[in-house]
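Notes follow the structure.
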Amino acid sequence: MEVNAIAKYIRVSPQKARLVADLVKGKKVSDALGILEFTAKASSRYIAKLIHAAVASAEKREGIDVDTLFVKDIYVNKGPMLKRFRAASMGRGSRILRRTSHVTIVLDEG
């Protein structure tokens, strides 16, 4: 039985979040949380929180053994960009795009 969780509007660029997501894909939940604990990336905190949310969702369902869950799939999609301006030379303004991510995780028994 699959369990999924979604975190939207995370203030990390999708490219940087995918680096961390690829570390935990296919791993057992306990191993994935161990990897994320010692990963020095900003998105590792958000992905660990999302794994905890998916495990809590699995505990609510009947017939799912939480100890056998593994990360079946995790993917990071692009969210909306926050558009900001920064002062540039000669009185101009240069645009800054603050990127956001939508992270989806799918856990399965294995």
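Quick rundown of the values:
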| item | result |
| --- | --- |
| From the options L97, L33, residue that is under 25 Å from P14 (Cβ atoms), surrounded by 14 or more Cβ atoms within 10 Å (Cβ to Cβ) and among the aliphatic types (A, V, I, L, M) | L33 |
| Cross-chain or 6+ apart pairs with Cβ under 7 Å, region 1-16 first and without any contact (Cβ under 8 Å) to a residue 60 or more places away in the chain, then surrounded by 13 or more Cβ atoms within 10 Å (Cβ to Cβ) | K16/K41; K16/S43 |
| Matching residues in region 68-106 - criterion: being charged (D, E, K, R) and free of Cβ contacts under 8 Å to residues at least 24 places away in the same chain | K83, R84, R86, R92, R95 |
| Of all residues in region 100-109 being at pLDDT 95 or above and either farther than 30 Å from G63 by Cβ or of a type in the set (D, E, K, R) (or both), the one that is surrounded by the most Cβ atoms within 10 Å (Cβ to Cβ) | S101 |
| Residues of region 73-92 that turn out to be in a loop (DSSP other than H, G, I, E, B) and either surrounded by 12 or more Cβ atoms within 10 Å (Cβ to Cβ) or in contact with a Lys or Arg (Cβ under 8 Å, 6 or more places away or on another chain) (or both), as a count | 2 |
| Top-ranked residue of region 22-45 - restricted to ones that are part of a helix (DSSP H, G or I) and among the charged types (D, E, K, R), ranked as farthest from the chain's Cα centre (by Cα) | D31 |
| Residues (buried (at least 18 other Cβ atoms within 10 Å of the Cβ) and either within 22 Å of L23 (Cα to Cα) or within 18 Å of the chain's Cα centre (by Cα) (or both)) located in region 56-69 | A58, L69 |
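To keep it simple, each residue is scored yes or no on (1) in contact with a helix residue (DSSP H, G or I) (Cβ under 8 Å, 6 or more places away or on another chain); (2) of a type in the set (F, W, Y); (3) part of a helix (DSSP H, G or I).
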{"position": "K8", "(1), (2), (3)": "no, no, no"}
{"position": "Q15", "(1), (2), (3)": "no, no, yes"}
{"position": "V20", "(1), (2), (3)": "yes, no, yes"}
{"position": "I47", "(1), (2), (3)": "yes, no, yes"}
{"position": "A53", "(1), (2), (3)": "no, no, yes"}
{"position": "S57", "(1), (2), (3)": "no, no, yes"}
{"position": "E62", "(1), (2), (3)": "no, no, no"}
{"position": "V71", "(1), (2), (3)": "yes, no, no"}
{"position": "S94", "(1), (2), (3)": "no, no, no"}
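The values are calculated or read from the model by the stated rules, or taken from the named source; none is laboratory data. This is a predicted model, so every value here is computed, not measured. Every residue, glycine among them, receives a Cβ derived from its backbone with ideal geometry; neighbour counts consider all protein chains shown.
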